[in-house]
Structures are given as C-alpha cells and as structure tokens.
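Data block below; observations after.
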Amino acid sequence: MPFEIVRNDITKMRVDAIVNAANPSLLGGGGVDGAIHRAAGPELLAECRTLGGCETGQARITKGYRLPARYVIHTVGPIWHGGDRGEEALLASCYENCLNLALEYGCETVAFPLISAGAYGYPKDQAMAVAVEVISKFLLAHDLTVYLAVFGRSEFLTGKKLFRDVQEYIDDRYVQRHTQKNLESRREMLWQQDESAALDLDLALAAPKKQEHPAPSMTRPAPAPDWEAILKRTDEGFSAALLHLIDEKGMTDAQCYKKANVDRKLFSKIRSNPGYKPSKPTVFAFAVALELTLPEAKQLLSRAGFALTYSSKFDIVLEYFLKNRIYDIYEINEVLFQLDLPLLGSGTNA
Ligand code: AR6
C-alpha cells in the first residue's frame, strides 16, 4: 500500500530506509533515536560523527548497519513551544526532506516515526496531521511506499471531533442493531434476494433519528444520475464496473488508484482480470476515490460479492464516511487505525 499507518517498532522494519527523530548533534539520544543507535550498532554513531550535525527541519542519510533497513535518514524535528514558532512548517519540512532523500537514494519503502511527538513535545494528533498531509501530497507525485510507525497503543486521535463523531455513530448503530434485530435480519435476507429492496430498507434503517452530523464543508455535488444504472448492470463484475466508473468520472487510472491508496501493481491486476475478487477494504478504497454515494458504494460492493452489515464495526465506520461524503482516504485511515480496524487501500489484504 502506498501509505500505511502501522503499530510497529521502527527498528524492526524491513524497509529501504527508516527515519530517525534525532537532535542537531546527530550523536544519539533517547526515544527512537536511542533505539535506532542500539539496534544499528556503533558503526552508525561513527558515520554520524562525520556529518557535522543537522539543522532543525533538515535531513541527512547514513547506512543502516545492523538494522534490517538499508539506510537511516536522520532528521531533526522542532521542539514544541506552543505552535507559534513555526513548528508546523519545520515539521513539514522534516518529512519533505526525508522523502526527497529517500527518492534520491532509490528507496522504494520508507518508514517514519512520529517526528517530534515524544521528547520534543509536539501534540501527537497535530504531529500526525502534519505527517499525513505531507506524505499523502508527496505520494500523489511519486511512487513510494511509506509507513508511519506509531509506537505502542496511542490515543492520539481520541480528542479529535471527527473521531468522536464516528465513535458516536458506531454506538448509535449498535443500539439500533439491538432494537431493530428483526429488521436487520430481514435486510440480510433481502440482500441475498433483491438488492434494490434491500437498499430501500438500508436507507430506512440508516435514516437519522435525531439531527445527524452535518456534512463537512468539503461536500461535493451528487454524481450524475446514470451512475446507478452503470452500477446496476448485473452482467458486470467488479473490475468492469470499476473501469466504467473511472471513465464516467473523467479520472485517469492513476488519479483513481492513487486517491484510493492502491498501488499500481494491484490496479493492473484488477484491470487485466475481469474476474478479480478484491477484499472489502479495497472496494471501499475505490468507492472513496470515486466519491460514490452510499447506495452506489453498496452496488460496487455487491459487484465484488459483499454487502454492508451492521454486525461489522468496519462497515459502520465506512457507512459514516460515505453518508457524510468524507472522501479523504488518509483521514479515514487515521480513524480506522485508531479503532484497530483494517485500513483502506491495497496491502496484505488486497
Ligand atoms: N519505533 C517507533 N516509534 C518510536 C520508537 C520505536 N522504536 N521509540 C519511540 N518512538 P522521540 P522527538 C516514538 O522522543 O520527539 C531524542 O532524545 C515515540 O513514541 O523519539 O522527535 C533525540 O535525540 C514518539 O511518538 O523523538 C532528540 O533529542 C516518536 O517516536 C529528541 O529525542 C518520537 O519520539 C527528539 O524528540
């Protein structure tokens, strides 16, 4: 997958380059810096001594020595002083400079820690937002797989409004599930027999009881009406339906798979194999990239043999995003990650 948030110890990652959150001396320290130096061995420190330090926002590259990674890219994040001393721009330039160095050295896979989010005190949710923004923008123009390694069980998103809204939506649906059990099982049955009736029932089930979360300002106009017709062609498999939709939407293949966080190889597989059976997260990834409405997304899912169900937290979360027309895949993945749910895009579960 081009961009993935993982819970991992960065020193264990088999990637071309890992990024070190260092200090200006580049001579080691605590946190991830200490862990990297311990795992790489003393040769790393010896090479770092030859570099003459590094300014905040800049980056330097060394070999990885005893690490599974070929290179270590050292960068110096800003110390958090409250946010009014250019911290955000400096942090963004750390990510940009590291990504450019990685490209320059022919790296295809790079793993970042959350720079500045430890000893340097940058609030974790804001540090994450900067990382996601810079990395996702960079990936629009470059073919690279980037991991953001978040260490341990972090609660960095729980204070964010979007996360709270999604959590509330899940809670509401679970309650509905208990009180509307009969309707739910009828709906499951209908999905097997009659998709359009099931869709009507779905919409009734999902109809808000109280004032729902307002659509965010990034709301887009609804797609052209003949979309549903395209999606309803029963003779089309997932692959053909997807290609049709990309054409209809006026997107190029690359625009679509990049927006879906799907790598080129997987997209070629889907394109060349009319019988390709994608995973559910991959179908959702394309639904988001194509900015489908909820009923359209359900049609696309059914082309791949899936239906939405309220017994799956993952499905409920995706329903929330589609209903609210939130189509930023990285924002969606942040929430999915925090909830320990599969992320959208291609990857091991393609
Ligand atoms: N793998 C992935 N992430 C990790 C690991 C690991 N093994 N260990 C820690 N983290 P920090 P900073 C996370 O303090 O804030 C050093 O002393 C950690 O949970 O390592 O940029 C340097 O020498 C946090 O989210 O870096 C500097 O003096 C993130 O990595 C100073 O700390 C960054 O935390 C730099 O501070």
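Here are some pairs, LYS160/LYS265; LYS12/LYS298; LYS124/LYS249; LYS124/LYS313; LYS258/LYS323; which of them have Cα atoms lying more than 32 Å apart in this structure?
Working: LYS160/LYS265 34 Å; LYS12/LYS298 39 Å; LYS124/LYS249 37 Å; LYS124/LYS313 25 Å; LYS258/LYS323 22 Å.
Result: LYS160/LYS265; LYS12/LYS298; LYS124/LYS249 exceed 32 Å.
For the peptides 7-15, 129-137, 246-254, residues were scored by their other Cβ atoms within 10 Å and the scores averaged per peptide; the highest-first order is 129-137, 7-15, 246-254. The mean sequence distance of close C-alpha pairs (under 8 Å, at least 6 residues apart), as a share of the length of region 1-94, puts its relative contact order at 31 percent. How many angstrom lie between the C-alpha centres of region 307-345 and region 64-93? A separation of 30 Å, based on Cα centres.
Please say if region 247-350 is rounded, prolate or oblate, where rounded means a/c under 1.5 for a ≥ b ≥ c the square roots of the C-alpha gyration tensor eigenvalues, and otherwise the choice is prolate for a/b larger than b/c and oblate otherwise? Since a/c stays below 1.5, the shape of region 247-350 is classed as rounded.
Taking label positions 7 Å along the Cα-Cβ direction at both ARG271 and SER312, the computed distance is 2.7 nm, reported to one decimal. Rounded to the nearest 20 debye, the dipole size of region 38-164 about its Cα centre is 420 debye, using +1 on the Cβ of Lys and Arg and -1 on the Cβ of Asp and Glu. Here the dipole of region 65-109 is about 300 debye; that uses its Cα centre as origin and unit charges on the Cβ of Lys and Arg (positive) and Asp and Glu (negative).
Test of understanding: what is the full-extension gain from ARG7 to ASP84, defined as 0.36 nm times their sequence separation minus their Cα-Cα distance?
Extra length available between ARG7 and ASP84 comes to 24.7 nm.
Antiparallel beta bridges, as assigned by DSSP with both residues in region 11-90, represent about 45 percent of the total such bridges.
Readers should treat all values here as calculations from the given coordinates under stated rules, not as data from a laboratory. Computed from a predicted model, the values in this text were never measured in an experiment. In this analysis, Cβ positions are derived from the backbone assuming ideal geometry, glycine residues included, and neighbour counts consider all displayed protein chains.
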